[in-house]
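Trainee: Here's a structure for you.
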Amino acid sequence: MPELPEVETVRRGLAPSMEGAVILELETRRADLRFPFPEAFAERVAGRRILGLGRRAKYLLIDLDDGMTIIAHLGMSGSFRIEEQRAETMPGEFHHARSKDGKHDHVLFHLEREGVTIRVIYNDPRRFGFMHLWVRADLDLYPAFAGLGPEPTGNTLDAVHLASRFAGRAAPLKSVLLDQTVIAGLGNIYVCEALWRAGLSPERKAGTLVTKAGKPTAPLILLTESIRAVIADAIAAGGSSLRDHIQTDGSLGYFQHSFSVYDQEGKACRRAGCHGAIGRIVQSGRSSFFCAVCQK
């Protein structure tokens, strides 16, 4: 499933074509994706101007001029493709390749922006993605957003918050960090990467990073900084790929982030001075990649 940095690079890639555009027509080629489309979806958004594109956790937000927001989730295999004046791009950088097979084109936004006709196409082979329509002023009431933790971007996430959520918990760090009420949008790949940067084992008990007084320890402060840094680096890498790797025919290649541990089982640990190798364990049905030598 695309993680927060991938969704953010999709948002950044779509924004220049979609923000300020008028939706001439919304074409839905089936009745549903993972869930049915909103009632009268095409009719309700036709003629609306797109004010801006946002993101909450792993959800893309398309704000319309009537106070409504289209909430889109990419599911396992969803992607957007832009067709504009013969050029074609696919914003986003994913660990697994996205489809461009036309038979999986399920939603088409026919747009007009500054006199230019644009098509933004949502493609989803496995149809685990979905789109909902919600009142923007009530976004906090959207079921998936209720209780979400802070975003792991900028300075909105801090060690004091994590200490309050880790205190007294015997659950392993990996499972606590994947809890969306603790941190919004943090997924398996970047949890593995952040734990490696902080030198912490995914099996370590979360409560051990908090003092008896409930304050964050030095390792927890480092983990917080590592989470913010790995997300920022991943977003920056995705942004660079959007700027630098659009080919002359308009296509966008699939470029992976340089992972230190994720999917690197059996390879030498990249930490300076460490002679360990990356191993893999399964926690709650998900693979955790880490170095048992330097992550404690």
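Trainee: Output wanted: per-residue J couplings in Hz (rounded whole) for region 130-136, from phi through Karplus 6.51 cos²θ - 1.76 cosθ + 1.60, θ = phi - 60°, x for Gly and Pro.
Mentor: Values, residue by residue: 6, 9, 10, 10, 9, 5, 4 Hz.
Trainee: Can you give the calculated 222 nm mean residue ellipticity of the chain, where each DSSP H run of n ≥ 4 adds -39,500 (n - 2.57) and the sum is split over every residue, rounded to the nearest 500 deg cm²/dmol?
Mentor: Details: 6 runs with 71 residues, N = 296.
Rounded to the nearest 500, the figure is -7500 deg cm²/dmol.
Trainee: Whole Å is fine, so just give me how far the alpha carbon centre of region 6-63 lies from that of region 151-219.
Mentor: Comparing the Cα centres of region 6-63 and region 151-219, I get a distance of 33 Å.
Trainee: Tally Lys and Arg at +1 and Asp and Glu at -1 over the other residues with C-beta under 12 Å from the C-beta of residue 294: what net charge comes out?
Mentor: Taking every other residue near residue 294 into account, the sum is +4.
Trainee: Tell me, what HN-Hα J-couplings in whole Hz come from the Karplus equation 6.51 cos²θ - 1.76 cosθ + 1.60 at θ = phi - 60° for each residue of region 114-129, using x for Gly and Pro?
Mentor: Ordered by residue, 3J(HN,Hα) equals 6, x, 9, 8, 10, 10, 10, 10, 9, 10, 7, x, 8, 6, 8, x Hz.
Trainee: Based on Cα positions only, what radius of gyration and what Dmax would you give for region 98-230, in angstroms?
Mentor: Answer for region 98-230, Rg first and Dmax second: 19.7, 63 Å.
Trainee: OK, next. Every cysteine in the chain with no other Cys Cβ under 4.7 Å from its Cβ, please list them in numeric order.
Mentor: 192
Trainee: How high is the relative contact order of the chain, in percent, counting Cα pairs under 8 Å that sit 6 or more residues apart?
Mentor: Numbers: 624 pairs, mean separation 54.6, N = 296.
Here the relative contact order equals 18 percent.
Trainee: Apply the Karplus parameterisation 6.51 cos²θ - 1.76 cosθ + 1.60, with θ equal to phi minus 60°, to every residue of region 222-233 and state each ³J(HN,Hα) to the nearest whole Hz, in sequence, with x for glycine and proline.
Mentor: So the J values, rounded to whole Hz, are 5, 4, 4, 5, 5, 4, 4, 5, 5, 5, 4, 5.
Trainee: While we're looking at this one, here's another question. Going by average Cβ neighbours within 10 Å, how do the peptides 8-14, 105-111 rank, with the highest at the top?
Mentor: 8-14, 105-111
Trainee: A further question on this structure: For helix 4-18, report the angle its Cα long axis makes with the longest principal axis of the Cα atoms of the chain; keep it between 0 and 90° and round to the nearest 10°.
Mentor: 20 degrees
Trainee: Running Debye on region 159-291 with equal point scatterers at the Cα sites and no solvent, what base-10 log of I(q)/I(0) appears at q = 0.20, 0.21 Å⁻¹?
Mentor: After summing over all Cα pairs, the log10 values are -1.16, -1.24.
Trainee: Right, next: For the chain, count the residues as N, evaluate 2.2 N^0.38 Å, and divide the Cα radius of gyration by that value, please.
Mentor: Details: Rg = 20.5 Å, N = 296, 2.2 N^0.38 = 19.1 Å.
Compared with the compact-globule rule of thumb, the chain sits at 1.07.
Trainee: Using the Cβ atoms and a cut-off under 15 Å, what net charge is assigned to the surroundings of residue 214, where Lys and Arg are +1 and Asp and Glu are -1?
Mentor: For residues surrounding residue 214, the net value is +3.
Trainee: Please say if region 4-141 is rounded, prolate or oblate, where rounded means a/c under 1.5 for a ≥ b ≥ c the square roots of the C-alpha gyration tensor eigenvalues, and otherwise the choice is prolate for a/b larger than b/c and oblate otherwise?
Mentor: Because its axes are fairly even, with a/c under 1.5, region 4-141 counts as rounded.
Where a number appears in this text, it was derived from the coordinates with a stated rule and is not lab data. What you are looking at is a predicted structure, and each value in this text was computed from that prediction instead of being measured. Positions of Cβ are generated from backbone atoms using ideal geometry, with glycine treated the same way; all protein chains shown enter the neighbour counts.
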